[in-house]
Each structure stands twice: as C-alpha cells, then as structure tokens.
Amino acid sequence: MATPSSITYVASTTASTIASTTTTTPTTTTTPTTTTTPTTTTTPTTTTTTGYAPSELSKSTLRFRTGAKRAEATSVPCMIQDTNTDYRTEEGEPYKNRIYEYTTCVMYNLGNDSRPNFRPYGPACTGPFGTQRTYNTSINPWGVAVVDVNADGRPDIVVANSGSNNVGVLLSMGNGTFGTQTTYATGSYPPGVAVVDVNADGRPDIVVTNQASNTVGVLLNIGSGTFGIQASYTTGSIPVGVTVVDVNADGRPDIVVTNFGSNNVSVLLNIGSGTFGTQTAYATGTNPQSVAVVDVNADGRPDIVVANANNNTISVLLNIGSGAFGTQTMYATGTSPWGVAVVDVNADGVPDIVVTNEGNNNVGVLLQCM
C-alpha cells in the first residue's frame, strides 16, 4: 500500500477546527477477462481526518514524516498526545491533554510502529529546579496554601494578600502554569491562610487570619473554585498563624490561631455546616507566631505546638480530650523563633520539632525523648 511522505495540519484562520487532512490510499481490485490473464485496476480511495485546535493558533503548522525518527513543530495546539492514531485529541477536546498553545513540541516514533508520539520541548532545566515563573498577586502577599479548589485534579494557589485585605486564588491551568488571580475580600491585614473543607461538602474552603481586625475569616467554596463572602469569628489580639485540624474527634475540622498580641492561642470548635463556636484561649509564651497541630504523645489526640517569637521558646499544649488543652510546657530555642513544624526526623516513630530562629539565622531541631 502506498504511504504518504508527509502529513500536514494547518489551523483554520476563522474557527477552531484544523483543516481536514486527506490521505489517498490505493485499493486493488482484480477483474477476470475472457483470457486466462487477469487485469488489475487501481482505484484511489479517500479518507478525511479532522483535528481540533484553538482558533488563536490560526497560523500554526505542524509537519512530520511518517516513520521518521523525529520532527519539530512550534505553536502546536493540544491535539498532540494522540493515543489512538485518529489525529485528534481524546474526546475531541482541544485542551484535553493539557499541553498549551505556543508550546514547542518534538515528535518521536517510539517502537518503529509508524505512530507518532509527542512530548513538550523546551530549554534544558539545569539542577533540581528551573528558573521561577512569577504570577501577579495583590499587595504584600504573605501566607500561601496550594490545594485543588475546583476539583479538576490540579493544585491551585491561594495567597493571603496582607496589604490589600484580600485573598487571591490562582487556578492551575495545567502543565504547572496558573491563571490570573481572583480576589476575595477579607478582614484587615490577613497574614495567615489555610485551605480545608470545613463544611463536609467535598470542596476545600479558605480560612484566613485578619491581623488588624482581631478575627479569623471563613470563605466557603461555592463551586468551580469560587468562594463566598467571608464569615468572621473573634480571636485574640493580632491573630497571625492558623491551622485547621479536628481536635475533638467529631469528624469536623476546627480552627487553631496564634494571637501575637495577647500571648495565647485560640481554639474555635466546628459546630457544623462550616460554622464555628466562640474561641477558647490558652496561654502561650510572648508573641506566638506560628502553630502546628500534631499528636506528639501518641494518644490519638492532636496537640498544639507554638513558636513564641519574643521569649525564645516553643510551647507544647497537650490535648486532654474533647478539644480542650492543658497548660503549656515551654522548651528553649534560639533567638526569635518564627516558623515551626512537627515531624519525625530520625525515624524513631515519634514526632520531633523543627523551628526557625530568625535572630540566629539558623534552624533548631528538638528531638523527642523516647
């Protein structure tokens, strides 16, 4: 059977359908004559294959030679990654395979089977990470969380913009890229943010500390990665750090906030449907900054660990049941401890504490005694 030497796809200048490709394949029929010698007639048949691409790529062209080892194309739309040799994206969706316009691609013939395989092609990445790509936020972005907020299987970015009194949501566009932020109003000067499903509807919600309002705000996810108006709950003075964890074993995540100005932590229990009760405050050291909520004593109840920025300590408050906490125990750190994390760093089965000491330019590790 004759094989075409090249196949060409050209994006339409007016629509999102790539111009049809016509492949001519000769077919052979045998017709006996009155003599003993048959005559053979070759009749070409035509098969038309149509692909899809964004109309913005109206001048993009892809050419390749079937059976070739490699060919390059520029500005290739997302009809690449054709898995069933019909020369269109799966399910006929231009962005189904999530490789975007203005992407250079390389085609390889893998396995010598004459079926083209594609992969994105770009500048070599040196080292473990490439050069950063930046995305605009509002003023003074502070806290950040990365969670899939619109259920498309891709993690999105949520930023607390402390200088503009809002949170920004940047939805993932795929391939590690993000769209323009959408902002939602918060209280004044939000520094901390957590993204957790607080009302059991399967959609992650935003919880943010409002430092100058002395509140914590909850913005419920109303679908497709959009959020409603914040509901505010009173905290102590200058709330900074926040985490959202079920501390009373009722299956609903609760809010724990560090109050930098009142030297305590607030615990707000979830009372259902994404609403929270009045805070209960527990004393800490001076100017608590960040907080982690992890079971440190293996009793199945999450405990509170706080970095106290201005008395060079961390505080551990053990969970005594029903979402209540005991008196703090303090441990010395370096100067001005700021960030804190709790994880087993030496594989002995018990969690340890790691803290950043801003005043010493170092990190401290406190191993838990067995």
Item to check | Some residue of region 194-203 being of a type outside the set (Val, Ile, Thr), in contact (Cβ under 8 Å) with a residue 24 or more places away in the chain and farther than 30 Å from Gly300 by Cα | outcome: no
Checklist outcome for this item: Condition set in contact with a Pro (Cβ under 6 Å, 6 or more places away or on another chain) and under 14 Å from Ile206 (Cα atoms), scope region 148-185, selection surrounded by the fewest Cβ atoms within 10 Å (Cβ to Cβ): answer is Asp148
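Can you find a residue that is within 16 Å of Thr186 (Cβ to Cβ) and hydrophobic (A, V, I, L, M, F, W, C) anywhere in region 306-315?
So the first thing to find is which residues in region 306-315 are within 16 Å of Thr186 (Cβ to Cβ), and the list is none.
Checking region 306-315: not a single residue is within 16 Å of Thr186 (Cβ to Cβ) and hydrophobic (A, V, I, L, M, F, W, C).
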Next on the checklist: Taking the criterion of being surrounded by fewer than 21 Cβ atoms within 10 Å (Cβ to Cβ), among the β-branched types (Val, Ile, Thr) and assigned to a strand (DSSP E or B), would at least one residue in region 325-342 satisfy it?
Outcome noted: yes
Checklist entry - Taking into account only those residues within region 271-311 that are part of a loop (DSSP other than H, G, I, E, B) and of a type in the set (D, E, K, R), which is surrounded by the fewest Cβ atoms within 10 Å (Cβ to Cβ)? => result Asp299
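Can you find, within region 168-209, the residue that is farthest from Gly274 (Cα to Cα) among those that are among the hydroxyl-bearing types (Ser, Thr, Tyr) and assigned to a strand (DSSP E or B)? Spell out the reasoning first.
In the first step, residues of region 168-209 are kept if they are among the hydroxyl-bearing types (Ser, Thr, Tyr); the result is 172, 177, 180, 182-184, 186, 188-189, 209.
When the remaining residues are screened for being assigned to a strand (DSSP E or B), the result is 172, 177, 182-184, 209.
Details: Ser172: 25, Thr177: 31, Thr182: 22, Thr183: 21, Tyr184: 18, Thr209: 16 Å.
Going through the qualifying residues, I end up with Thr177.
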Checklist outcome for this item: Output for Cβ contacts, cut-off 7 Å, separation at least six or different chains, first residue under 11 Å from Ala341 (Cα atoms) and in contact (Cβ under 8 Å) with a residue 12 or more places away in the chain in region 356-370, second of a type outside the set (S, T, N, Q) and part of a loop (DSSP other than H, G, I, E, B), reads Gly364/Gly334; Val365/Val345
Next on the checklist: For the list (1) of a type in the set (A, V, I, L, M); (2) surrounded by fewer than 19 Cβ atoms within 10 Å (Cβ to Cβ); (3) within 29 Å of Ala151 (Cα to Cα), I need the number of the one condition that Val242 fails.
Outcome noted: (2)
Item to check | Of all residues making up region 205-242, the number that are under 21 Å from Ile304 (Cα atoms) and touching a Pro at 6+ places or on another chain (Cβ under 8 Å) | outcome: 10
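Test Ala145 against the criterion of being in contact with a Ser or Thr (Cβ under 8 Å, 6 or more places away or on another chain) and either polar (S, T, N, Q) or closer than 26 Å to Phe129 by Cβ (or both), and give yes or no. Give the derivation first.
Numbers: in contact with a Ser or Thr (Cβ under 8 Å, 6 or more places away or on another chain): no; either polar (S, T, N, Q) or closer than 26 Å to Phe129 by Cβ (or both): yes.
For Ala145, the condition - in contact with a Ser or Thr (Cβ under 8 Å, 6 or more places away or on another chain) and either polar (S, T, N, Q) or closer than 26 Å to Phe129 by Cβ (or both) - is not met.
Throughout, read-outs are computed from the coordinates displayed, never taken from laboratory work. Since the structure is predicted, the reported quantities are computational estimates derived from the model, not experimental observations. We place every Cβ from the backbone using ideal geometry, glycine too, and count neighbours over all the protein chains shown.
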